[in-house]
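The structure appears right after this line, and notes come after that.
Readers should treat all values here as calculations from the given coordinates under stated rules, not as data from a laboratory. Because the structure is a prediction, the values reported are computed rather than measured. Cβ placement follows ideal geometry from the backbone for every residue including glycine, while neighbour counts extend to all protein chains displayed.
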Amino acid sequence: MKRLLAVLLSCLGIALAPNAPAQQKVVTIGAIYPLTGALASTGTELRQAIELAVDVINDKHPELKGIPLAAGAGLPRLDGAKVKVIFADSQGSPSVGQAEAQRLIDHDHVVALIGAYQSAVTKTTSRIAEQRGIPYMNPESSSPDLTERGYKWFFRTTPNDDTFIGNMMQFLDGIKTLPTKRIAVVYENTDFGVNTYKALQKYAKQAGRVIVANIAYSAGAPSLNSETQRLAAAKPDVAIFASYTSDAMLFVRTMHQLNYAPPIFLANDAGFIDPRFVSEVGAEVQGVLTRDVWGNDLYTVKPVIKQVNDMFKTRTGNDLNGNSARSLQGMLVLADAIDRAGSTKPGAIRAALAGTDLTADQIVMPWAGVKFDATGQNVKGQGLILQLEGKQYHTVWPTRYKKMQDLPKLPFTWK
């Protein structure tokens with residue numbers, strides 16, 4: 001009978017391999033990012049960062065000493081299972097992102113979700129995860145209200161805008177060569193921008209500063225002339241922007257055209273650190289400042305920064321930045337939790353995430369570590385302030401991280 005079965009299988013082109021190994025186990029995670037549309041350049045780099053994290057998890061990288069899962073291959077507590085990520089395109093739309101979250105959970109049966117960069121999209125996609133009882137990892141969105149909804153399945157590794165704006169005020173306190181009391185806030189009217197403004201209202205007042213212009217605009221507007229004219233008329237000491245890539249570039253071009261430059265030009269990250277922004281308008285806007293969470297010049301105090309940046313640059317041709325580095329870190333934290341759970345059951349993964357307590361030596365970010373409070377917010381994160389010089393941003397705050405001993409080059413002027 002065995003010979004007859006072998007003949008039949010041979011005729012059908014099927015090989016009967018004795019002692020064939022079991023099929024490799026796979027843990028599937030859904031990732032939601034803006035892969036097309038106005039934010040496609042950012043979405044692409046976030047996808048590339050997630051893919052690098054998957055490579056670190058699935059293949060051996062003993063050179064990344066101390067980083068969980070890097071030394072081995074796969075998830076050891078799940079018999080070496082490999083991580084697979086299914087990417088979904090939000091198109092920058094909260095409603096599209098919501099539909100994609102439903103599809104990933106119901107059709108692809110992912111064990112967790114990660115994303116979605118834009119706070120407005122993160123809000124809708126994480127709502128679906130909360131309703132379905134699926135862990136949601138948010139590495140990049142900074143709106144404080146995302147962790148104020150009473151959710152049990154939502155975890156955010158990045159600091160939020162309360163932390164970032166507080167850091168900005170501390171940075172401005174250290175500038176003694178220029179006045180910093182009068183602040184103008186320019187922001188797109190979605191969750192990201194609105195929450196930036198709310199945080200500035202709170203922290204500017206605490207720091208003894210006054211907001212002299214509150215300039216909200218529609219994201220993706222074809223013209224920003226009137227907003228720029230209002231900004232110039234307010235004559236602020238500091239102009240703080242919360243804009244994604246295309247809007248950030250349009251503001252730079254419009255201000256340059258109108259020959260207006262705020263003495264201190266400070267961005268709340270986002271579009272201002274996108275490689276497209278730097279390549280297309282960076283030469284015009286030398287000296288612009290941005291809050292961030294990542295500096296490639298910090299490798300002298302944290303060597304793993306250079307190691308992972310070199311890996312990313314070899315794969316993509318670009319350096320890691322505060323957007324992509326946070327995505328990479330979030331994926332590593334999620335995979336570590338799944339491994340510690342030793343299970344793909346949502347409840348077990350959620351419990352492992354809640355119990356996360358990583359030290360500075362176990363993460364790639366220049367933070368004190370990753371530990372979530374009861375709301376799902378990482379309490380060990382911190383922001384940086386960077387300044388654009390040439391084609392690179394360099395760390396200028398906190399002062400212990402400064403590349404150079406002199407102060408940031410101010411006031412801002414057009415090149």
(message) Explain nothing, just the number: dipole magnitude of the chain about its Cα centre with +1 on each Lys and Arg Cβ and -1 on each Asp and Glu Cβ, in debye rounded to the nearest 20.
(response) 520 debye
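Could you work out the relative contact order of the chain, using alpha carbon pairs under 8 angstrom and six or more residues apart, expressed as a whole percent? Write down the numbers at each step before the final one.
On the way: 852 pairs, mean separation 71.5, N = 415.
Reported as a whole number, the value is 17 percent.
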(request) Sort all Cα-Cα distances of the range 262-415 into consecutive 5 angstrom bins from zero, then give the percent of pairs in each bin up to the one containing the longest distance. (result) 2, 9, 16, 20, 17, 14, 10, 6, 4, 2, 1, 0
(request) Under 9 Å from the Cβ of Ala352, count the other residues' Cβ atoms, weight Lys and Arg +1, Asp and Glu -1, and hand me the total. (result) 0
(request) Give a residue-ordered list of calculated ³J(HN,Hα) values for the range 325-330 (Karplus: 6.51 cos²θ - 1.76 cosθ + 1.60, θ = phi - 60°; whole Hz; x for Gly, Pro). (result) 5, 5, 4, 4, 5, x
(message) Largest first, please: the extent of the C-alpha atoms of the range 211-286 along each principal axis, to the nearest Å.
(response) 31, 25, 22
(request) Could you tell me how many degrees, from 0 to 90 and to the nearest 10, lie between the Cα long axis of helix 40-58 and the main elongation axis, the longest principal axis, of the Cα atoms of the chain? (result) 40 degrees
(request) List every residue whose amide H lies under 5 Å from the amide H of Glu284, counting only residues 5 or more places away in sequence or on a different chain, with H placed 1.01 Å from N in the peptide plane. (result) none
(message) I'd like the Karplus ³J(HN,Hα) series for the range 259-270: coefficients 6.51, -1.76, 1.60, θ = phi - 60°, whole numbers in Hz, and an x wherever there's a Gly or Pro.
(response) 6, 10, 9, x, x, 10, 9, 10, 9, 8, 6, 6
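Sorted by mean Cβ packing within 10 Å, highest first, what order do the peptides 151-158, 387-394 take? The partial results should precede the final answer.
Values: 151-158: 23.4, 387-394: 17.9.
Going from most to least packed, we get 151-158, 387-394.
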(message) Highest mean first, how do 168-175, 206-213 rank when packing is the count of other Cβ atoms within 10 Å averaged over residues?
(response) 168-175, 206-213
(request) Measure nothing but the geometry: give the 0 to 90° angle between the long axis through the Cα atoms of 94-106 and the longest principal axis through the Cα atoms of the chain, rounded to 10°. (result) 20 degrees
(message) P(r) for the range 47-204, please, calculated from all Cα pair distances in 10 Å bins and given in %.
(response) 10, 30, 29, 21, 9, 2
(request) Could you list the residues of the range 104-143 with an amide nitrogen less than 14 Å from a label point located 7 Å from the Cα of Lys84 in the Cα-to-C-beta direction? (result) 107-112
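Can you tell me how the range 296-354 classifies by the Cα gyration tensor, rounded, prolate or oblate, using a/c under 1.5 as the rounded cut? Walk me through the intermediate numbers first.
Values: a/c = 3.17, a/b = 2.43, b/c = 1.30.
The shape class here is prolate.
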(request) Return the distance in nm (one decimal) between the two label points of a simple spin-label model at Ala221 and Asp145, each offset 7 Å from Cα along Cα→Cβ. (result) 2.1 nm
(request) Hey, can you grab everything whose amide H is under 5 Å from the amide H of Val293? Only 5+ residues off in sequence or another chain; H modelled, so Pro and N-termini drop out. (result) Gly322, Leu384
(request) Please list the non-local residues whose amide H lies under 5 Å from the amide H of Val27, H modeled 1.01 Å from N, same-chain partners needing a gap of 5 or more. (result) Lys82, Val83, Lys84
(message) If you fit an axis through the alpha-carbon atoms of helix 119-132 and take the longest principal axis of the Cα set of the chain, what angle between them do you get, 0 to 90°, nearest 10?
(response) 30 degrees
